[in-house]
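Please see the structure below; I have some questions.
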Amino acid sequence: MSRYEETYATWRRDPEGFWAAAAEAVHWYRRWDTVLDRTRDPLVAWFKGGVLNTCYNVLDRHIDAGRGEQTALIYDSPVTGTIQAFSYRELCDRVSVFAGALKRAGIAKGDRVIIYMPMVPEATVAMLACARLGAIHSVVFGGFAANELATRIDDARPKLVLSASCGIEVNRVIPYKPLLDGAIAQAKSKPGRCVILQRPQEPAMLVPGRDTDWHEFTAGAAPAECVPVAATDPLYILYTSGTTGVPKGVVRDNGGHLVALLWSMANIYGVSPGETFWAASDVGWVVGHSYIVYGPLAYGATGILYEGKPVGTPDPGAYWRVIAQHKVVALFTAPTAFRAIKRDDPDAKYLKPYDLSHFRALFLAGERSDPDTLLWAEGHLKRPVIDHWWQTETGWPITADCAGLGLFPVKHGSPGKPVPGYDVRVLDDKGREVPAGQTGALVLRLPLPPGCLPTLWNNDAGFQQSYLSQFPGYYLTADAGFRDAEGYVHVMSRTDDIINVAGHRLSTGAMEEVLASHRDVAECAVIGVADALKGQVPLGLVVLKAGVNRPAAEIEHELVQLVRQRIGPVASYRISRIVPRLPKTRSGKVLRSTMRRIADGEAYHMPATIDDPAILDEITASLRAVGLANTAGSEPS
Ligand code: COA
Ligand code: AMP
């Protein structure tokens, strides 16, 4: 039996004992009364009765243990030409003072603080300062528009918003402040105060009485001590796309989260304290929360905050430079980053000058890894390339090839086997398990392990409705796939309207809501079409109201702008097509998956219940005009 199999079997035999043993790695002010409380089943609580502080665990604790002078975080910013290293002591000092400033401003345990910032050290300081006080942070990714920020403000009702004057995208400055001002103007629940980090690239105008400059806010603040919180208290809320325009507020607790992340650093990523682990993501995403900030720091490793891109900052050798310069032992990123590098440097010439001898493994997640990219990365890096599967909701991997438990052979196209803690099943529509090799709904048998969401913010009913109701006793991942005969899981597609664009999770339903709000649009459908770089990109098909006779190009351009303004540039929404009708079943259901197949040039079956088959030819012609639908054709049913 391999170490992975032994560990999985140990967990299976006694899940609570397994996690109680893992919880010994955490510093507790008070130990838990119950490892797993199921009195509110199916809502569960890990380590109930336990008291701890996450910030103490990720900073102070390492100083007490003699790691104070070790580098905790490296800020590497090719877009500003900055490299800055913070030791655990320096980071702790900064965080304590910023927590003191928050406390002076009236922020206390349980208060919400929204962080809308680019990849600067202050964003991490802000997250950890909130954790220090037991305040709940909610980081909003900088590529979202004002409207998305407003929705999050209204749901989280923050006392304070922390932001910066601008972000920097390759060689462009993106002003953040107008987006923040727009969001607050739109929001029904107005935060009392905003603290703004003025960046020299583009300082912002401050609103008198509401906005304070970051440095003035911090000046003279007395360092704050760590506030003990319950293991079950929320550490953060992270909003993620749901099936409507209203994002879901995924809650992360303090206790289970730390237990899971500490276990994962050792056993999934196979990293040791003192080594450098790099998650090339953004603190606005779950990967950034778990593996730029909390995981590496809790573990006494060194994390990297990289403000740049895989290409263009300055070249496709950017990742190799960071790995070599900071002695990174494991890199975690989305496949799209490697597609970008491969596209710009197919022969990996930019890799040659760098010494990557200390580098051990590449981890990929966020979207399905295409075998071409995997093979390219393996061939050039000559290291294991490990695809692993997880979601914002779980906070850490569901399946992986656990590097710390001895790698098993990688199977291209599969993100590995279930990680101890996760019981992955495949069900048919009726909730019956299907045999190996057969595709169905990928679900997780309850209870979910520590670290996974205990609920949605202020919405237990919504949590149960979205995730636990379809198959009682199971958590619905909303991914479809299968397990093969050797136990590898294969994740094939989403079962809802979520698409993955450059590793970013977006709702086509939310985009449809935006398109439908345009004055000339009668109805619309947004589908995710294949893209060589980003995996998928959205495409809007719209039917105009009768009598509208403005030029199509004008309306299509307005629709692109509308999605940019309302959702944000991160949606990468660039193509709209005006069509005479949408293909529907006789009962009125829009045939989105047929249109997706047509756009991607895949063969499709003419749906038996289609009301008007001729429309598919018109859609094909319309998509061909923008370079899509190249080999599409219907197959006999
Ligand atoms: N703030 C403001 N705008 C942002 C932003 C931010 N933090 N991040 C992205 N954007 C903007 C971009 O400037 C771009 O705007 P544009 O349409 O005006 O050009 C748009 O959002 C789309 O950005 P992106 O998806 O990053 O596309 P890109 O073409 O600029 O870059 C990649 C493509 C593949 C290089 C990039 O997506 C990437 O580095 N991805 C890999 C890593 C990753 O982010 N993983 C996330 C989960 S692990
Ligand atoms: P997010 O919540 O943004 O992390 O997105 C989670 C979704 O991304 C999952 O539900 C999957 O659809 C997809 N995903 C993440 N990792 C993988 C992977 N390794 N393989 C296939 N899909 C993945």
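Across the range 600-609, which residue is surrounded by the fewest Cβ atoms within 10 Å (Cβ to Cβ) among those that are aliphatic (A, V, I, L, M) and either part of a loop (DSSP other than H, G, I, E, B) or modelled with pLDDT under 85 (or both)? Steps first, please.
So the first thing to find is which residues in the range 600-609 are aliphatic (A, V, I, L, M), and the list is 603, 606, 608.
Cutting the leftovers down to either part of a loop (DSSP other than H, G, I, E, B) or modelled with pLDDT under 85 (or both) gives us 606, 608.
Working: Met606: 12, Ala608: 8.
Once the filter is applied, the top-ranked residue is Ala608.
So which of Ala129, Ala145 is within 11 Å of ligand 1 (Cβ to nearest atom) and either under 29 Å from Ser517 (Cα atoms) or crowded, with 22+ Cβ neighbours inside 10 Å (or both)?
Details: Ala129 fails: within 11 Å of ligand 1 (Cβ to nearest atom).
Going through Ala129, Ala145 in turn, the sole match is Ala145.
Looking at Ser357, Ser414, can you tell me which residue is in contact with a strand residue (DSSP E or B) (Cβ under 8 Å, 6 or more places away or on another chain), farther than 30 Å from Met127 by Cβ and among the polar types (S, T, N, Q)?
Numbers: Ser357 fails: in contact with a strand residue (DSSP E or B) (Cβ under 8 Å, 6 or more places away or on another chain).
Step by step, each of Ser357, Ser414 is checked, and only Ser414 is in contact with a strand residue (DSSP E or B) (Cβ under 8 Å, 6 or more places away or on another chain), farther than 30 Å from Met127 by Cβ and among the polar types (S, T, N, Q).
Something else now. Among the residues that make up the range 487-510, is at least one of them out of contact with any Asp or Glu (no Cβ under 7 Å at 6 or more places or on another chain), at pLDDT below 95 and in a helix (DSSP H, G or I)?
Yes.
Here are some residues: Pro435, Pro415, Pro450. Which one is within 15 Å of ligand 2 (Cβ to nearest atom) and either among the aliphatic types (A, V, I, L, M) or modelled with pLDDT of 95 or more (or both)? Write out each step before concluding.
Details: Pro435 fails: within 15 Å of ligand 2 (Cβ to nearest atom); Pro450 fails: within 15 Å of ligand 2 (Cβ to nearest atom).
None of the others qualify; the one that does is Pro415.
Right, next: Before we move on, is Ala485 farther than 20 Å from Leu628 by Cα, away from ligand 1 (no atom under 15 Å from the Cβ) and out of contact with any Pro (no Cβ under 7 Å at 6 or more places or on another chain)? Quick ask: steps written out before the conclusion?
Numbers: farther than 20 Å from Leu628 by Cα: yes; away from ligand 1 (no atom under 15 Å from the Cβ): yes; out of contact with any Pro (no Cβ under 7 Å at 6 or more places or on another chain): yes.
Yes.
Quick one: which of Val293, Val286 is touching a residue at least 24 places away in the same chain (Cβ under 8 Å) and within 10 Å of ligand 1 (Cβ to nearest atom)? Give the derivation first.
Values: Val293 fails: within 10 Å of ligand 1 (Cβ to nearest atom).
Result: Val286 is the single residue among Val293, Val286 that is touching a residue at least 24 places away in the same chain (Cβ under 8 Å) and within 10 Å of ligand 1 (Cβ to nearest atom).
Let me ask something else. Of the conditions (1) in a helix (DSSP H, G or I); (2) closer than 24 Å to Met492 by Cβ, Leu559 clears all except one; give me its number.
Going through (1) in a helix (DSSP H, G or I); (2) closer than 24 Å to Met492 by Cβ one by one, Leu559 breaks only (2).
Let me confirm something: among Ser189, Ser163, which residue is within 16 Å of Arg112 (Cα to Cα) and not in a loop (DSSP other than H, G, I, E, B)?
Details: Ser189 fails: not in a loop (DSSP other than H, G, I, E, B).
Only one candidate passes the filter, namely Ser163.
Follow-up. Mind checking which residues of the range 434-471 are more than 23 Å from Tyr239 (Cβ to Cβ), touching a residue at least 24 places away in the same chain (Cβ under 8 Å) and in a loop (DSSP other than H, G, I, E, B)?
Passing the criteria: Val434, Ala436, Gly437, Gln438, Thr439, Leu446, Pro447, Phe471.
Scan the range 557-565 and tell me whether some residue there is under 26 Å from Asp617 (Cβ atoms), away from ligand 1 (no atom under 16 Å from the Cβ), in contact with a Leu (Cβ under 9 Å, 6 or more places away or on another chain) and in contact (Cβ under 8 Å) with a residue 12 or more places away in the chain.
Checking the range 557-565: not a single residue is under 26 Å from Asp617 (Cβ atoms), away from ligand 1 (no atom under 16 Å from the Cβ), in contact with a Leu (Cβ under 9 Å, 6 or more places away or on another chain) and in contact (Cβ under 8 Å) with a residue 12 or more places away in the chain.
Related question: Have a look at Ala108, Ala9, Ala99, Ala20 and point out the one that is in a helix (DSSP H, G or I), more than 22 Å from Ser290 (Cα to Cα) and over 25 Å from the mean Cα position of the chain (by Cα).
Details: Ala108 fails: in a helix (DSSP H, G or I); Ala99 fails: more than 22 Å from Ser290 (Cα to Cα); Ala20 fails: more than 22 Å from Ser290 (Cα to Cα).
Step by step, each of Ala108, Ala9, Ala99, Ala20 is checked, and only Ala9 is in a helix (DSSP H, G or I), more than 22 Å from Ser290 (Cα to Cα) and over 25 Å from the mean Cα position of the chain (by Cα).
Follow-up question, since we're still on this one. Could you tell me whether Gly431 is in contact with a Ser or Thr (Cβ under 7 Å, 6 or more places away or on another chain) and either of a type in the set (A, V, I, L, M) or on the phi > 0 side of the Ramachandran plot (or both)? Steps first, answer last, please.
Values: in contact with a Ser or Thr (Cβ under 7 Å, 6 or more places away or on another chain): no; either of a type in the set (A, V, I, L, M) or on the phi > 0 side of the Ramachandran plot (or both): yes.
Answer is no for this residue.
Return a yes/no flag: does the range 525-539 have any residue that is closer than 19 Å to Pro247 by Cα, among the small types (Gly, Ala, Ser), touching a strand residue (DSSP E or B) at 6+ places or on another chain (Cβ under 6 Å) and within 16 Å of ligand 2 (Cβ to nearest atom).
Checking the range 525-539: at least one residue is closer than 19 Å to Pro247 by Cα, among the small types (Gly, Ala, Ser), touching a strand residue (DSSP E or B) at 6+ places or on another chain (Cβ under 6 Å) and within 16 Å of ligand 2 (Cβ to nearest atom).
So, in the range 371-389, of the ones that are without any contact (Cβ under 8 Å) to a residue 40 or more places away in the chain and part of a loop (DSSP other than H, G, I, E, B), which residue ends up farthest from ligand 1 (Cβ to nearest atom)?
Taking the candidates together, the pick is Lys382.
Checking Ser357 against (1) surrounded by fewer than 22 Cβ atoms within 10 Å (Cβ to Cβ); (2) within 16 Å of ligand 1 (Cβ to nearest atom); (3) within 30 Å of Gln70 (Cβ to Cβ); (4) not basic (Lys, Arg): exactly one of these is not met. Which one?
(2)
Within the range 69-84, track down each residue that is more than 18 Å from Gly167 (Cβ to Cβ) and either in contact (Cβ under 8 Å) with a residue 24 or more places away in the chain or outside any loop (DSSP other than H, G, I, E, B) (or both).
In the first step, residues of the range 69-84 are kept if they are more than 18 Å from Gly167 (Cβ to Cβ); the result is 69-74, 83.
Gln70, Thr71, Ala72, Leu73, Ile74, Ile83, listed by residue number.
Taking the conditions exactly as written (in contact with a Pro (Cβ under 9 Å, 6 or more places away or on another chain) and at pLDDT 95 or above), does Ala330 satisfy them or not?
Numbers: in contact with a Pro (Cβ under 9 Å, 6 or more places away or on another chain): no; at pLDDT 95 or above: yes.
Criteria not met by Ala330.
Here's another thing I want to ask about it. Looking at the range 208-246 only, could you name the residues that are within 16 Å of ligand 1 (Cβ to nearest atom) and assigned to a loop (DSSP other than H, G, I, E, B)?
Of the residues in the range 208-246, the ones within 16 Å of ligand 1 (Cβ to nearest atom) are 238-241.
Hit for the range 208-246 is Ser241, nothing else.
The values are calculated or read from the model by the stated rules, or taken from the named source; none is laboratory data. Because the structure is a prediction, the values reported are computed rather than measured. Cβ sites come from the backbone with ideal geometry, for glycine too, and all protein chains shown count toward neighbours.
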